[in-house]
Every structure is written in structure tokens, then in C-alpha cells.
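Right, one structure below, let's go through it.
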Amino acid sequence: MVENETQKQTEQEISNPINLSILPMTSTVKVYGPPNSAAVSRVLACLLEKDVQFQLIPINLVRGEQKKPDYLKLQPFGQVPVFQDESITLFESRAICRYVCDKYANQGNKRLFGTNPLEKASIDQWLEVEGQNFYPPTSVLVFQLAFVPRMKIQQDENLIKQNEEKLGKVLDVYENRLGESRYLAGDEFTLADLSHLPMSRYLVNACGRGELFTSRKNVGRWWDEISTRETWKKVNEMQNSQPRQNA
Amino acid sequence: MVVKVYGPAYAACPQRVLTCLIELGVEFELVSIDLESGEQKSPKLLLLQPFGLVPAIEDGDFRLFESRAIIRYYAAKYASSSIELLGNTLEERALTDQWLEVEAQNYNPLVYNLVLQLMVLPRSGHRTDMTVVQNCKTKLEKVLDVYEQRLSKSKYLAGDSFTLADLSHLPNTRFLMNEGGLEHLVKERKSVHSWWTDISSRPAWKKVMELNN
């Protein structure tokens, strides 16, 4: 289980590991990266769903800590997150999630990655849909609408329009699908739904594009259900307790 | 009952699935889809793949789309002592998955854009955007530098054995080496080059190339 940090976060403390497990010394699971990063939060949500204790080690992306030689030994592409336990060092958030689900199959949410090969296949299918169809237009939109203004460069209106259309078409398919089943891969919440949480949060909160979801009846219902899960709320608390990274 | 694979043999994503099925010795029937006429958006095919993409498979009543989901399913189903495309242990599976995700997230988007700019757009009378091409090439060089580092320590991406992680790279890398005119990106990197020579001479991949011709 994860306990909330109640002490005030100062800039000093950001550079120290945050211990969020009840028994910090017994947790060998480490996640490197800021909780605000979409890919990092994907892994945090999964660990919470599976009741896995972990230690979050912040990486300051603005200071470029992910490109330093020590970090590149862990993740040679210079990206976050990295996951470590007693047996493995792993990167790529969706691979980490699958590993966590397999390793901790018998605890926490046991249906997160299905209980038989057919269920797993359906979850994998929608996980791939998230990675290949949902994520690309969403990441362009989030970059253009939430990050570009902060960087004081010009937004690309064409790119925004193109990707809003692309995402709209993808969400139309989701609308049909979510009219047939409660969640993407079936009637249970799975990794496939979880994987959508991080970028969707950015879309809704940082880009003001919530109506992409709310204008679609089934997608709106689905978003409401998945974004109000206790585990996702805990991730949000971790994210909100981190002041914005400064150089 | 054989597995039906929907999609043309010349397209990257169906090739990923066909290679995997042949590696596993799984019988299949290829149902070719005419992408140029938009057959993938026909009502019948949208029932199989609602995003209007290829491939999709039909295995009796079971249906699945997304090539990397399909290959994961069959590799797990037909894992045996003679072929293990997913790794033998939990940790090996995780590394296979990691490099499969690297292909999907770091490699594929760059090559896909190159295919779009260098092949698809010119064919439909549009201009190639050379800035995008140069951008992709620069990023791809950096990605391949990481591959070079990895493959200098490890025979295959996930470890000592050929896995789905290597297989997944076959279609896009073939493009780089051929129509893409970017074989120097591979040939300039010793370990990447030997890895490519190794994986592209596997019988299953050669059979897929025959299907393509």
C-alpha cells in the first residue's frame, strides 16, 4: 500500500528519493522518473492496482538528468521511467506494466491483465491500439496545446487541427466499442484502460479538450469511471504534490 | 481450421504476423486486401478491424487485430521446446516485451514517416517534405546507435535467442535496406549489420519475401 506524503515538499526534497511505501527498507521495487510524466504515471497506476510497494526516485527532466551517463546505463534512450526490482532493470512503461502483472499475478487486481490467454489477447490488442492509434495524435495535441505555449514558440494550427480530427476518428471507434462492453477489452477494467489514463489526463486538464470525451456518451461514461478509480486518484495526489520542475 | 490472416503480403504489419506464424509452424490462409482501393474500409472488414487497418486474424470464432498483439498471442500459444519467441523465464519475457515496445515506440514511428514521405506521398502525387525526412533520419541514427551498443553485448535484442523483439523489426528494416535507400544506416553499424544479416536470412522471413513476390 502507498501512504501519502504529508510533509511539505521543498525544492531540497525533490532531489531526494521519495519513500512512499509503509516499510521503505523492504521495498526493492524502484521507479525512476517524475510522477507527472505520462509514462511514469502509467507504471505507478499499475503498481498501485497490483498492491506492489515501491520507491519513487525523481528524475528532473528539465535539468536533463535523464541524459546523464549514470541514468543512460539504466535507460539508453534517455527516457523515463525505469523500473528495477531484485531480478531485473526494465524500461518502456507498457512492458513494465505487463511484467508487474505477470510477476504479481496473485495479488492486487487479479483481472488487470486477464486470467486466460483469450482475455490477455484482447487486452494486448487494446493496449496496442492505445500505443499505436490513441497515443500518437494525443501526444501531438498535448505537446502543441500544453507544452508549446510554455516554450514560447509558435503553435502549429494545422498540426492541431489534423490531430484533433485523427483523434476524433479513433474516439468514434471507441464510442462503438464502449457501447458493446463496459471497458475496452471486456467488462472488467484492465491494463488497456489504465494505459489511457496519463495522456487523457493531460488532454482534459492541461489542454481543455475534455469535450472530446464528454461529447461521446459511452466514451464519456468510460472516462468518468476510469479516471475516478481510487488508484488513479492516488497517482494524481502524487502528481499534485510535486511542484513544477525547474532548471 | 486454419488461421485467416487479412492483409496484403507487401505491407509491414501483415508481414510481422505472417513471419511469426511461419516461425511457429502455424498453418494459415492469407486473404489479401486491396489497400489502394480502400477495401480495408469496407463494412465487412471494419467488422474485423474497426480502425480500417491491416492485419486482422480470424481463428474460428476468435478474432484479433494489431500485429504485435497477434504475435504475442500465437507465440504464447505455440511456445515449445523447439521454439520460444517470447523468452523462457519471466525476466526473459519482460526483456522481449521491452524491446518489442522499443520497436513500436522508438523505431516504427520514424520508419513509418519515412515510408510515408519517400513512398506513399509521391505515389499519390504529393510532395516529399525533406525536412521531415531529415528529421526522421537524424532521430533514427540516434536510435540505431543505441541498438549498436546493445547488439555489441547481446546476440539478439532481448538476449541470446531470437525473439519477437527481433522479428518485429524485420518489415521496417527491410524498407530501410531497399526502397528507403537507407541501407548505410544499418551497414555503418557493425553489430546492427550482423544482426540484420542473421535475422533476415531466417527461413520464415525468406518465405514471407517469396509471398510478397
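Observations on the model:
- Taking chain A as a Gaussian network of alpha-carbon nodes connected by springs under 10 Å, the highest mean-square fluctuation of the residues A:VAL173, A:VAL82, A:VAL31 belongs to A:VAL173.
- A protection proxy built from the mean count of other Cβ atoms within 10 Å ranks the segments B:40-48, A:219-227, B:73-81, B:97-105, most packed first, as B:97-105, A:219-227, B:73-81, B:40-48.
- Equivalent ellipsoid dimensions for chain A as semi-axes, Å, which come from the Cα gyration tensor, largest first: 28, 24, 16
- When A:LEU184, B:LEU24 are compared by accessible surface with a 1.4 Å probe, the order from highest to lowest is B:LEU24, A:LEU184.
- Counting heavy atoms of the protein chains alone, A:PHE54 has an accessible area of about 0 Å² for a 1.4 Å probe.
- Working from label points 7 Å from Cα in the Cα-to-Cβ sense, the A:GLN162 to A:THR28 distance is 4.8 nm.
- Under 18 Å from the B:GLU188 label point (7 Å along Cα→beta-carbon), backbone N, the range B:125-145: B:131-145
- FRET efficiency, B:LYS206 to B:ASP160 (Cβ-Cβ, R0 25 Å, nearest 0.05): 0.65
- Pairwise burial B:A, computed as accessible area of each alone minus the pair, summed, 1.4 Å, Å²: 2600 Å²
- Taking GluC sites (Glu not before Pro) across the range B:11-85, the ones in a DSSP loop with at most 11 further Cβ atoms lying within 10 angstrom of their Cβ are B:GLU27, B:GLU36.
- Label zone of B:SER82 (point 7 Å out along Cα→Cβ, amide N under 19 Å): in the range B:162-179 this covers B:162-164.
- Our coupling estimate for the range A:233-241, obtained by passing each phi through the Karplus curve with A = 6.51, B = -1.76, C = 1.60 and θ = phi - 60°, is 4, 5, 4, 4, 4, 4, 5, 6, 7 Hz, Gly and Pro reported as x.
- Residues of the range B:137-178 whose accessible area (probe 1.4 Å, heavy atoms of protein chains only) drops by at least 30 Å² once all protein chains are present, relative to their chain alone: B:VAL146.
- In the context of the full set of protein chains, the range B:150-206 has a per residue accessible area of 40 Å² (1.4 Å probe).
- Taking a quarter of the surface of the Cα convex hull of the range A:126-241 gives a mean projected area of 7.2 nm².
- Residue (of A:THR190, A:ASN116, A:LEU47) at the positive-pole extreme of chain A, dipole from beta-carbon charges: A:LEU47
- Volume per residue of the convex hull around the Cα atoms, evaluated for the range B:122-213, comes out as 105 Å³.
- Between the residues A:TYR104, A:LEU127, A:THR138, the greatest Cα displacement towards the positive end of the dipole of the range A:32-138, with unit charges on the Cβ of Lys, Arg, Asp and Glu, is found for A:THR138.
- The string of couplings for the range B:134-147 from the Karplus curve (6.51, -1.76, 1.60, θ = phi - 60°) is 5, 4, 4, 4, 4, 5, 5, 4, 5, 4, 5, 5, 5, 4 Hz, one whole number per residue in order, with x for Gly and Pro.
- Within-11-Å neighbourhood charge of B:SER154 [Cβ basis; K, R +1; D, E -1]: +1
- Between B:VAL31 and B:VAL5, B:TYR6, B:GLY7, the built amide H atoms are under 5 Å apart, and every one of these is 5 or more places off in sequence or on another chain.
- Calculated on alpha-carbon atoms, Rg and Dmax of the range B:63-205 in Å: 15.9, 51
- Cα gyration tensor shape for the range A:43-190, rounded if a/c is under 1.5, else prolate or oblate: oblate
- Accessible surface for chain A, divided over its residues, is 46 Å² per residue with a 1.4 Å probe.
- Prolate/oblate/rounded label for the range A:102-161 (Cα gyration tensor, a/c 1.5): prolate
- 5 angstrom amide H check on A:ILE57, placed H, neighbours 5+ away: A:VAL31, A:TYR32, A:GLY33
- Between A:ILE57 and A:GLU119, the contour length at 0.36 nm per residue exceeds the alpha carbon distance by 19.0 nm.
- Positive-pole candidate from B:CYS136, B:GLN40, A:SER27, dipole of the protein assembly as shown, charges at beta carbon: B:CYS136
- For A:28-40, mean number of other protein chain Cβ atoms within 10 Å: 0
- Residues of the range B:1-54: accessible area per residue with a 1.4 Å probe, Å²: 47 Å²
- Computed 3J(HN,Hα) for the range A:40-48, one whole-Hz value per residue from the Karplus formula 6.51 cos²θ - 1.76 cosθ + 1.60 where θ = phi - 60°, is 5, 5, 4, 5, 4, 4, 5, 4, 5, glycine and proline marked x.
- Rounded to the nearest 20 debye, the dipole magnitude of the protein assembly as shown is 800 debye, with +1 charges on Lys and Arg beta carbons, -1 on Asp and Glu beta carbons, and the Cα centre as origin.
- Net charge contributed by nearby residues that have their C-beta within less than 10 Å of B:VAL26 (K/R +1, D/E -1): -2
- Projected onto their three principal axes, the Cα atoms of the range A:38-78 cover extents of 32, 19, 16 Å, largest first.
- Dividing the helix sum by the residues of the protein assembly as shown, where each DSSP H run of 4 or more adds -39500 (n - 2.57), gives a mean residue ellipticity at 222 nm of -14000 deg cm²/dmol.
- Counting protein heavy atoms only, the range B:1-104 has 53 percent of its accessible area on carbon and sulfur, 1.4 angstrom probe.
- Overall, the range A:101-247 carries a charge dipole of about 440 debye about its Cα centre when +1 sits on the Cβ of Lys and Arg and -1 on the Cβ of Asp and Glu, all other atoms neutral.
- Counting only residues at least eight positions apart within a chain, or on another chain, the lysines with an alpha carbon under 23 Å from that of A:LYS120 are A:LYS50, A:LYS103, A:LYS110, B:LYS4, B:LYS77.
- Counting Cβ atoms of other protein chains within 10 Å of each Cβ in A:167-175 and taking the mean gives 1.
- Gyration tensor (alpha-carbon) shape descriptor, the range A:141-205, a/c threshold 1.5: oblate
The values are calculated or read from the model by the stated rules, or taken from the named source; none is laboratory data. This is a predicted model, so every value here is computed, not measured. Reconstructed Cβ throughout: ideal geometry from the backbone, glycine too, with neighbour counts over all protein chains shown. These area figures cover heavy atoms from the full protein model, side chains too; ligands, DNA and RNA do not enter into them. Shrake-Rupley method; radii C 1.70, N 1.55, O 1.52, S 1.80 Å.
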